[in-house]
Each structure stands twice: as C-alpha cells, then as structure tokens.
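Asker: Questions regarding the structure given below will be posed in turn.
The values are calculated or read from the model by the stated rules, or taken from the named source; none is laboratory data. Computed from a predicted structure; not experimentally measured. Glycine also receives a Cβ, built like all others from the backbone with ideal geometry; neighbour counts cover every protein chain displayed. Keep in mind that these areas ignore ligands, DNA and RNA; they rest on the heavy atoms of the full protein, side chains included. Shrake-Rupley method; radii C 1.70, N 1.55, O 1.52, S 1.80 Å.
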Amino acid sequence: MGQKWIQSHSEQGASLESDGTPVELPDRFVTEACIAFCKCGKVGLIYPIADMSLLEDSVKTAYSPPSEENPQALSIAKALVLSFVAFCTAADRREHMLYPVDGELCAFEAESLLSTVHDPAHSIGKLQVLLLLLLFHFSQGRLERASELMRSVARLANDLSSITRLTEPPSSPEGTVAPYRTGDKESTFRTLYWNSFMLDKELAFRTGTPVLMLAKSLIPASLDATESPFDYLSRLLPTRDPQNHCTESSISHLKLSLVMSRVYSELYEPHSLKKSDTEILRTIRALDDELEEWRRSIPKTCRPTLHISDLPTQSTTDVELLLINLRYHHSVGCIHQAVSRCQPCRPMTEALRSSLNLSVRASVSSLEILRATRFTLSRELFWFICFYLLSAILNLLCKVITEPFDFNNPQCIRILKDTPVILREMGIFQLTSTERRHLDLMILLSSELSVLVEGSSVRNGS
C-alpha cells in the first residue's frame, strides 16, 4: 500500500544496503509530515524525541545522495528515521489518520540497521532509536517485546550515565525554562535517560519484571542531610524546554516515576517481603506522604484527585488530565495494597482497614473518571487505559473475594455494575481486531464481576 502512494510522489524513498538487503526509507514527504505533527504535540502520549535537531539532522543525512558518509553514521541516521516513522504510525492521536507506510516493516528495518552500529560516538542516537522502538511496541500492547528492548535501553542508559554529568543538576534551576541549545548532548541524554527511567517503571508494574534503572543508584552517599532523596533526584530531571515539549506536565510524570521507583524498592523488591507488619505500615505511611507531596506540587488546574467532582470541567476531553489521574490512582493502589500482607490484629486493625479502603477508593476513582470522559480510543491510548482499568477491576475483585460480607459501599457496587456499559460505549473505530478482542474480554470480566458483587450484596443484606 505504502509503495503505491510513494510512487505517486516526485521524491522517491532512499535506500540502504543492510546485510546485503536494500532498506527502503519512507518517502521523505511522510517523514517530514511526521516531524511537523510531532512538533505540534499531536503524536504520542509520551513525547519521544529528546532533541528535535538530532532528528532533523538525521533526516538530512538519511535522504542525502550517496556520499563518503561514515557507514555507521548513515546507518544510525536511517535507523532513527525508520523508528520515528514506525512510532508515529502506532501513536498518532488524530482521528481517521492512516499512514501510507508499514510501521512493522519500518521497526524491523530500524532494528536491523541498529545491530550494525557499534561506534560509541553514536550511543545517544542509538539510545533514541531504542526508545522509539520500545514505545512502538509498548503502544500496541506488546509488553514482552517492549521488555526485551527495555533491557537494551537500560543497559545503554546506565552505561552512559556513568560517563556523563547525569548526577549533577542541569545548569538551569529545576522547574525553570532552559535555553534551547541545539546539539547539547548532555541535555539530550538527560531527557532520554529519564524517559527511559519512567518507561522502566511502567513496564515493571505491568509485567512483574524487576526494575532495571534504580533511582537509589544516582543518590550519593554524601547526600546533604537537609535534602531528601526525592528532592535531590528531582533536581536531576530535565529542565522545562517548550521547543522540545519538555513541559511542566511531562516533568510531573517523571517525578511520579521517582515516587514509584521507591514504591517498588520499598514494597515490592524481594527483600521488602521480609518486612514486619509494623515496618510495612511505616513504609506505607512514608510513601503516601511522598505521593501526596508530589500531588500538591501540581497546579490545581491539573492536579489529580480521588474525588472526581473536584476535577475541572475540561477533564472530559483532556487526555493528559485523564492519564495523570489514572497514574495517580494506580500509585495510591500500589502503595496501600501492600497492607494485605499484614496479619490483622487489634492494635493495627483500623490502620489496615484505612489502607485497604484507600486502595479500593483509588480503583473506584479510576472507573469513575473513565465513565466521565469522552474519548475515541487510539491504539496507544487503549493500551494505557487497558492496564489501569484491569488493575482497578482486579483490585475490586480481590476485595470481593477476601471480604464478601464487608463490601457494602453502594458507590463501589454501582460503579462496578456500570463498568461493562462504560466499556461498550467507548469509541473504538480506530482499534484493530486485536484490541477489540481484548476489550471484549474486559467487558466479559467486568460483567462477571458485576454479577459477583451483586450476589455478594444480596447475601450481605440477608
């Protein structure tokens, strides 16, 4: 399909030999259109490009006539073009947009080219390509492949962090707008590192695989006693840069990943399973305080909440507001679900029940905000929502199973009954047959859970 469209344009796609097989680039018109959409912020829920000048220079190199260009430099340039276009085919947010290229083939060719690049001089470009490929598969629910790529991303990012000034705060104070410096490798790597760090946590909580990029590895042993680890790490994050879409919202997501990194290490790493009940409750309280501090640092206009009535009116159409709320609800759930490891005893009964109720409240809030929103699901948005929705449903299912006669909250029961209806009413015309099958399974699960909850409430009433 893409070839016919390409042939109708005056400029043909460039090609490169990889292992003896020609690698066909997308028509340059398509690549330039993708860049234009990306600059407008219309591609991807996670802005993938750390330095737009790096991408634009790669486009010039990749589409230039044959020359004496370094073969590895040419390979990395073409791999970046292919991985970027592949990402756009999966993550574009605009309705009715079809790309006249094969995203799967672009991703495959990018990986093939990447395997030929071994020069350390191209490490940052290689990391950018790997991150785009990871996002391409992540955006389509291929978590196994995304996890495989995450291992390569983490290995390269961790290696580069030891030879860069990552553990030194950027020159601009945290939270301020940084001057735009074309080709600044330090700031480019900083952005790539922290985006990789965030995706590492997203994958770990989705798949149960260990975290590969540990925040504590960046904290010096000589840290000033007056500064918390969270505050120190926050100063290492990229500074806001409107030209590269490093916005206040994206910084907030990165800071939440710092919290979730500690949630993982304090509550879900193997050693944390040996904590006593008292230690677990103390950890939960400290993490909850840290999460609340993060929440209050966000402006009221986009501050996440467990109470949907507190959201601004534009929340029904604001995708970013939806996602930050879903991530917040999931974070609350991850922190307070850990209390289920504790053995009930009289002195701690109220604390245990309070944590369990907060976990349930967070799950209910996720379902409520999905009921209140009106979105047409793109493939990328579907897979983001799918995870948070299933987490909420399964958390409530565990509550029903473990405490069938204590599940007497009418609001919880009502939202669970409404969930199958919420799912059926979602706009799905952009989804493929694979996503629709997954959606059907979620509808089936939520329907059966609804019946289970209703039966439990009847028995409770009798």
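Asker: Per the 1.4 Å probe, what fraction of the accessible area of the range 336-456, in percent, lies on carbon and sulfur atoms?
Answerer: Values: 3300 of 5620 Å².
The C+S portion of the solvent-accessible surface of the range 336-456 is 59 percent.
Asker: May I ask you to rank Y193, Y63, Y268 by accessible area, largest first, using a 1.4 Å probe over the protein chains only? List each step's numbers first, then the result.
Answerer: Working: Y193 0, Y63 25, Y268 70 Å².
Putting Y193, Y63, Y268 in descending order of accessible area: Y268, Y63, Y193.
Asker: Averaged over every viewing direction, what's the projected area of the C-alpha convex hull for the range 94-163? Give it in nm², one decimal, please.
Answerer: Numbers: hull surface 22.9 nm².
For the Cα atoms of the range 94-163, the hull's average projected area reads 5.7 nm².
Asker: Still on this structure: Not counting ligands, DNA or RNA, and with a 1.4 Å probe, what is H137's accessible surface area in Å² rounded to the nearest 10?
Answerer: The accessible area comes out at roughly 20 Å².
Asker: Return the long-range amide H neighbours of V23 (sequence gap of 5 or more, or a different chain), with a cut-off of under 5 Å between placed amide H atoms.
Answerer: Those qualifying (amide H under 5 Å, at least 5 residues apart or on another chain) are L16, E17, S18.
Asker: So, with a 1.4 angstrom probe, what is the percent of accessible area on the range 200-271 that is carbon and sulfur? Could the numbers behind the result be given before it?
Answerer: On the way: 1680 of 3030 Å².
After summing per-atom areas, the C and S share lands at 55 percent.
Asker: For the range 255-403, what does the accessible surface come to per residue with a 1.4 Å probe? Please give it in Å².
Answerer: Accessible surface, normalised per residue, equals 43 Å².
Asker: Still on this structure, I have one more. If you count only protein heavy atoms and use a 1.4 Å probe, how large is the accessible surface of E32, to the nearest 10 Å²?
Answerer: Rounded to the nearest 10, that gives 70 Å².
Asker: Would you tally the net charge around F197, using a Cβ to Cβ cut-off of less than 13 Å, leaving F197 out, and scoring K and R as +1, D and E as -1? Don't skip to the answer; put the middle values down first.
Answerer: Numbers: positive: R190, K201, K216, K255, R262; negative: D200, E202.
So the surrounding residues net to +3.
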